[in-house]
Amino acid sequence: MPAYILGRLAAAIPTLLLVSVFIFLLVHLAPGDPALLIAGDNASPAQVDQIRERLHLDQSLPAQFVIWFSNAIQLDLGASVYSGKPVTVLIAQRIEPTFMLAAYTMVLTVLVAIPLGTIAAWRANGLVDRTIMAFSVAGFSVPVFVTSYLLVYLFAVKLRWFPVQGYKPLSDGIGATLVSLTLPSIALMLVFAALIARVTRAAVLEVLQENFVRTLKAKGMSTGRILVLHVLKTAGVPIVTVIGIGFAALIGGVVVTESVFNIPGIGRLTVDAIVRRDYPVVQGIILFFSVTLILINLMVDLSYALFDPRVRG
Amino acid sequence: MMGETFLSVDNLSLTFSGKAGIHHALTDVSFHVDRGEILSFVGESGCGKSVTAMSVMRLLPRYGVEYPAGSIVLDGEDLLAKSEREMRAIRGGKIGMIFQDPMTSFTPVHTIGMQIAETVSHHKGVSKRVAMARALEMLDLVRIPDAKNRIGAYPHELSGGMRQRVMIAMVLACDPELLIADEPTTALDVTVQAEILELITDLRRDLGMSVILITHDLGVVAETADRVMVMYAGRVVEEGAVAAVLGNPAHGYTAGLIEALPLSGAAYHRQPLKEIPGAVPRLDHLVEHCIYADRCGFVTSACRQAVPERQVVGRNHRATCLNTGNVTSALRDNEIVRAWQ
Ligand SMILES: Nc1ncnc2c1ncn2[C@@H]1O[C@H](COP(=O)(O)OP(=O)(O)OP(=O)(O)O)[C@@H](O)[C@H]1O
Ligand SMILES: [Mg+2]
């Protein structure tokens with residue numbers, strides 16, 4: 001077991017290195033002189049030179065990478081061209097709403113998708129299954145901003161159960177935070193849950209065909225116990241894998257949702273930075289999301305051992 | 001009470017219906033199992049052995065399965081009238097069942113101890129600790145070496161033979177009065193097969209339970225069972241004490257099975273295996289004649305006129321055949337038959 005964990009941790013390091021090289025090159029190999037772009041249209045050649053020197057753009061590419069990378073691992077990602085604030089500070093300020101939105105969405109998704117997918121598999125091809133799967137296709141095909149506006153219209157404008165937009169920080173109390181995030185989380189959850197429900201259904205359906213389910217029935221076990229304790233746990237690996245993969249999709253959704261609901265999170269920061277061509281910030285955000293995804297993958301890998309004794313070796 | 005009827009199935013018919021049409025999986029099946037005896041079902045693949053067992057367990061799917069006629073009475077109670085909830089107390093309680101493939105018959109993600117203990121908790125309503133103690137006791141009973149450590153093992157950490165022992169331990173942990181073993185040794189290699197069969201007969205003797213042993217191997221029947229029921233195309237064609245059926249086979253199909261058995265010793269090399277010619281009929285409609293008539297070496301015109309009645313051939317021996325005398329005398333010189341006379 002510890003060997004498995006160490007192995008997974010070690011495997012994450014090359015991924016991290018590769019990702020950082022890629023992100024570094026993404027900005028530095030983009031067409032155009034970054035210094036010119038950063039300086040803007042009205043800058044004098046002297047100002048451009050100054051920027052070039054400050055950003056070490058006058059040095060060789062490998063040298064630049066070494067400087068950038070050693071700074072990055074000390075959490076120094078440079079400063080925003082627009083506001084001059086350190087990128088890490090900008091990101092840190094925005095983490096809370098984004099983290100809360102993602103976590104809330106995740107919890108809702110698991111609570112909705114896994115029971116529905118399991119019931120659909122148990123009643124495969126019946127009316128319940130068809131209904132659930134029809135909704136899941138719908139959930140997956142309607143864009144987030146459409147469901148967002150529909151939800152806002154119904155639950156905020158008409159019923160007034162939730163605010164139309166905005167975010168209440170945790171310092172106002174977790175209750176207030178959750179209320180402010182309910183509609184955006186549901187909007188995001190619908191897409192995400194559609195995917196997870198389908199995968200859960202497929203995984204559970206496959207496990208239900210296995211001989212051990214017959215053994216459990218022959219032992220007199222109840223359907224609920226068979227489904228939850230035996231079938232779902234056996235089907236856990238593919239389901240958790242897709243939850244991890246779905247997280248990448250969730251990040252894209254977060255950007256849209258934060259804009260629609262006016263949530264001051266990293267998604268909004270991304271949009272602002274791109275519009276302002278604030279390269280250090282864009283680079284920092286990509287790095288942040290990449291590291292997040294690597295960590296999530298690591299957690300998924302580690303959770304395999306939790307579900308399946310055969311993985312532990 | 002030894003000798004008293006424990007399970008009695010009478011005139012049971014079963015149909016599967018689906019997109020492909022109707023399938024008469026069982027027709028007019030009658031048999032009984034006495035307390036403490038081993039009854040064996042034999043017959044070639046698809047003849048309805050498992051379906052009969054699954055009917056007793058009421059484990060067939062709810063949709064598409066119908067019982068147009070018959071009854072299944074266990075210890076005086078009509079199982080076909082039971083609710084799913086009532087059946088859950090009987091399955092794994094009064095009746096335990098083990099299956100062919102021990103490799104895939106356990107949940108891969110739970111320890112064998114947990115899987116035995118959950119059964120015990122469910123049926124006996126005891127605490128986890130008591131159930132675990134019972135699990136350990138059972139592993140010892142089925143002669144698992146080093147049971148104390150093995151109780152925490154996952155199924156993939158055990159060999160096939162070991163797993164089938166654990167399966168037997170699990171099923172017997174709740175003191176079933178009837179054990180149904182559906183080809184318990186088919187997936188195991190020969191030496192392990194013999195060990196498992198010996199374990200089953202020993203436990204039957206020590207615990208006094210009844211056993212239904214499903215097999216397609218007459219050799220297993222000869223070594224293990226008290227009585228045998230020969231099935232063909234969803235019907236019982238012959239049934240009786242093992243010595244009576246193997247010593248005086250009275251149905252053309254039983255004769256075919258016996259002739260298809262590999263012989264031992266010198267005769268083994270002299271005679272090629274005889275196969276039964278022809279194929280099992282489709283069961284999409286009920287025929288008005290003997291179901292085996294088209295493949296039978298003893299067929300007469302009477303066989304094609306009506307479904308034969310069950311004939312009493314001897315004490316404890318019945319066959320659904322019009323020409324029982326011809327069959328018996330034709331096999332008189334078969335080595336296996338002679339050995340049982
Ligand atoms: N769930 C089902 N739906 C439809 N038909 C079925 C179902 N289960 C079994 N059958 C059919 O019923 C017949 C009897 O099957 P059964 O499994 O009882 O055979 P068997 O005697 O146990 O054979 P084997 O030696 O291969 O295990 C077969 O023709 C089979 O195709
Ligand atoms: Mg079978």
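Please work out which one of (1) open to solvent by less than 60 Å² (accessible area, probe 1.4 Å); (2) not assigned by TED's automatic domain parsing to the domain that holds A:LEU25 is the condition A:GLN64 fails and give its number.
(2)
For segment A:242-252, indicate whether the set of residues that are open to solvent by 50 Å² or more (accessible area, probe 1.4 Å) and within 13 Å of chain B (Cβ to nearest Cβ) is non-empty.
No.
I'm checking my understanding of the structure. Among residues of segment B:169-205 that are farther than 22 Å from B:ALA135 by Cα and of a type in the set (Gly, Ala, Ser), which one is nearest to ligand 1 (Cβ to nearest atom)?
Here the answer is B:ALA187.
Within segment B:136-146, can you find the residues that are open to solvent by 60 Å² or more (accessible area, probe 1.4 Å) and within 14 Å of chain A (Cβ to nearest Cβ)?
None; the set is empty.
Can you tell me which residues in segment B:37-58 are open to solvent by 20 Å² or more (accessible area, probe 1.4 Å), farther than 23 Å from B:ILE258 by Cα and within 13 Å of ligand 2 (Cβ to nearest atom)?
B:VAL51, B:MET54 - these are the residues of segment B:37-58 that are open to solvent by 20 Å² or more (accessible area, probe 1.4 Å), farther than 23 Å from B:ILE258 by Cα and within 13 Å of ligand 2 (Cβ to nearest atom).
Kindly indicate which of A:GLY224, A:GLY220, A:GLY166, A:GLY236 is within 12 Å of chain B (Cβ to nearest Cβ), on the phi > 0 side of the Ramachandran plot and open to solvent by less than 50 Å² (accessible area, probe 1.4 Å).
Of A:GLY224, A:GLY220, A:GLY166, A:GLY236, the one residue that is within 12 Å of chain B (Cβ to nearest Cβ), on the phi > 0 side of the Ramachandran plot and open to solvent by less than 50 Å² (accessible area, probe 1.4 Å) is A:GLY220.
Going by the structure shown, is B:SER50 within 11 Å of ligand 1 (Cβ to nearest atom), within 14 Å of another protein chain (Cβ to nearest Cβ), of a type outside the set (Phe, Trp, Tyr) and not in a loop (DSSP other than H, G, I, E, B)?
It is true that B:SER50 is within 11 Å of ligand 1 (Cβ to nearest atom), within 14 Å of another protein chain (Cβ to nearest Cβ), of a type outside the set (Phe, Trp, Tyr) and not in a loop (DSSP other than H, G, I, E, B).
Give me the residue from segment B:28-47 that is of a type in the set (Ser, Thr, Tyr) and not in a loop (DSSP other than H, G, I, E, B) and, out of that set, farthest from ligand 1 (Cβ to nearest atom).
Start the filter on segment B:28-47 by keeping residues that are of a type in the set (Ser, Thr, Tyr), which leaves B:30, B:40, B:45.
Add one more test, that the residue is not in a loop (DSSP other than H, G, I, E, B), and what stays is B:30, B:40.
Values: B:SER30: 17, B:SER40: 13 Å.
Filtering first and then ranking leaves B:SER30.
Output the residues belonging to segment B:21-36 that are touching a residue at least 60 places away in the same chain (Cβ under 8 Å) and either within 14 Å of chain A (Cβ to nearest Cβ) or surrounded by fewer than 20 Cβ atoms within 10 Å (Cβ to Cβ) (or both).
Matches in segment B:21-36: B:GLY21, B:ILE22, B:HIS23, B:ASP28, B:SER30, B:PHE31, B:ASP34, B:ARG35, B:GLY36.
Please determine, by comparing only the residues of segment A:17-66 that are among the acidic types (Asp, Glu) and modelled with pLDDT of 80 or more, which one is farthest from A:GLY78 (Cα to Cα).
A:ASP49
Checking B:PRO61 against (1) over 24 Å from B:TYR253 (Cβ atoms); (2) within 16 Å of ligand 2 (Cβ to nearest atom); (3) open to solvent by less than 50 Å² (accessible area, probe 1.4 Å), which single condition isn't satisfied?
(3)
Go through segment A:257-313 and count every residue that is within 30 Å of A:TYR153 (Cα to Cα), open to solvent by 50 Å² or more (accessible area, probe 1.4 Å) and among the polar types (S, T, N, Q).
The total comes to 2.
Among the residues of segment B:101-118, how many are at the interface with chain A (Cβ under 9 Å from one of its Cβ atoms) and either over 30 Å from B:HIS216 (Cβ atoms) or hydrophobic (A, V, I, L, M, F, W, C) (or both)?
The qualifying residues number 6.
Yes/no per residue for (1) more than 27 Å from B:ILE336 (Cβ to Cβ); (2) open to solvent by less than 60 Å² (accessible area, probe 1.4 Å); (3) within 16 Å of ligand 2 (Cβ to nearest atom):
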position	(1), (2), (3)
B:LYS128	yes, no, no
B:ARG134	yes, yes, no
B:LYS148	yes, no, no
B:ALA153	yes, yes, no
B:LEU158	yes, yes, no
B:MET162	yes, yes, no
B:VAL166	yes, yes, no
B:GLU223	no, no, no
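Can you give me the ranges of the helices (runs of 4 or more DSSP H) entirely in segment B:90-177 with at least 2 residues that are in contact with a strand residue (DSSP E or B) (Cβ under 9 Å, 6 or more places away or on another chain)?
Helices (runs of 4 or more DSSP H) meeting the threshold: B:160-172.
Taking only pairs six or more apart or across chains, which ones have beta-carbon atoms under 8 Å, a first residue in segment B:88-100 that is more than 8 Å from chain A (Cβ to nearest Cβ), and a second residue that is in a helix (DSSP H, G or I) and within 16 Å of ligand 1 (Cβ to nearest atom)?
Filtered contacts from segment B:88-100: B:ILE95/B:VAL56; B:ILE95/B:MET57.
So, in segment B:1-27, of the ones that are more than 15 Å from ligand 1 (Cβ to nearest atom) and assigned to a strand (DSSP E or B), which residue ends up nearest to B:ALA233 (Cα to Cα)?
Once the filter is applied, the top-ranked residue is B:ASN11.
Can you tell me which residues in segment B:65-101 are within 16 Å of ligand 1 (Cβ to nearest atom) and open to solvent by less than 30 Å² (accessible area, probe 1.4 Å)?
Once the filter is applied, which keeps residues that are within 16 Å of ligand 1 (Cβ to nearest atom) and open to solvent by less than 30 Å² (accessible area, probe 1.4 Å), segment B:65-101 yields B:VAL65, B:ILE72, B:MET97, B:ILE98, B:PHE99.
Regarding segment B:102-113, can at least one residue be identified that is at pLDDT below 95, within 16 Å of ligand 2 (Cβ to nearest atom) and open to solvent by less than 10 Å² (accessible area, probe 1.4 Å)?
yes
Answer yes or no as to whether B:HIS216 is farther than 22 Å from B:VAL51 by Cα and open to solvent by 20 Å² or more (accessible area, probe 1.4 Å).
no
State whether one or more residues within segment B:58-70 are among the small types (Gly, Ala, Ser), outside any loop (DSSP other than H, G, I, E, B) and in contact with a Pro (Cβ under 6 Å, 6 or more places away or on another chain).
No, every residue in segment B:58-70 fails to be among the small types (Gly, Ala, Ser), outside any loop (DSSP other than H, G, I, E, B) and in contact with a Pro (Cβ under 6 Å, 6 or more places away or on another chain).
Within segment B:1-14, can you find the residues that are away from ligand 2 (no atom under 16 Å from the Cβ) and open to solvent by less than 10 Å² (accessible area, probe 1.4 Å)? Working first, answer last.
Taking segment B:1-14 and keeping what is away from ligand 2 (no atom under 16 Å from the Cβ), we get B:1-13.
Within segment B:1-14, B:PHE6, B:LEU7, B:VAL9, B:LEU12 qualify.
Tally up the residues in segment A:145-163 that are open to solvent by less than 70 Å² (accessible area, probe 1.4 Å) and either among the hydroxyl-bearing types (Ser, Thr, Tyr) or more than 18 Å from A:LEU101 (Cβ to Cβ) (or both), please.
Going through segment A:145-163, the residues open to solvent by less than 70 Å² (accessible area, probe 1.4 Å) turn out to be A:146-148, A:151-152, A:155-156, A:162-163.
So of that shortlist, the ones also either among the hydroxyl-bearing types (Ser, Thr, Tyr) or more than 18 Å from A:LEU101 (Cβ to Cβ) (or both) come out as A:146-148.
Of the residues in that region, 3 qualify.
Considering only segment A:192-215, state which residues are away from chain B (no Cβ under 14 Å) and open to solvent by less than 40 Å² (accessible area, probe 1.4 Å).
A:PHE192, A:ALA193, A:ALA194, A:ILE196, A:ALA197, A:VAL199, A:THR200
Of B:ALA69, B:ALA53, which residue is among the aliphatic types (A, V, I, L, M) and more than 15 Å from the chain's Cα centre (by Cα)? Give the derivation first.
Values: B:ALA53 fails: more than 15 Å from the chain's Cα centre (by Cα).
Result: B:ALA69 is the single residue among B:ALA69, B:ALA53 that is among the aliphatic types (A, V, I, L, M) and more than 15 Å from the chain's Cα centre (by Cα).
Would you be able to tell me the number of residues in segment B:209-260 that are touching a Pro at 6+ places or on another chain (Cβ under 8 Å), in a strand (DSSP E or B) and among the small types (Gly, Ala, Ser)?
Residues in segment B:209-260 being touching a Pro at 6+ places or on another chain (Cβ under 8 Å), in a strand (DSSP E or B) and among the small types (Gly, Ala, Ser): 0 in total.
Tally the residues that are surrounded by 18 or more Cβ atoms within 10 Å (Cβ to Cβ) and over 17 Å from the mean Cα position of the chain (by Cα), restricting the search to segment B:173-187.
So the count comes out to 2.
The values are calculated or read from the model by the stated rules, or taken from the named source; none is laboratory data. If you're wondering where the values come from, they're calculated on a predicted model, not measured in any experiment. All Cβ positions, glycine included, derive from the backbone under ideal geometry; neighbour counts span all protein chains shown. Heavy atoms of the whole protein, side chains included, go into the accessibility calculation; ligands, DNA and RNA do not. Shrake-Rupley method; radii C 1.70, N 1.55, O 1.52, S 1.80 Å.
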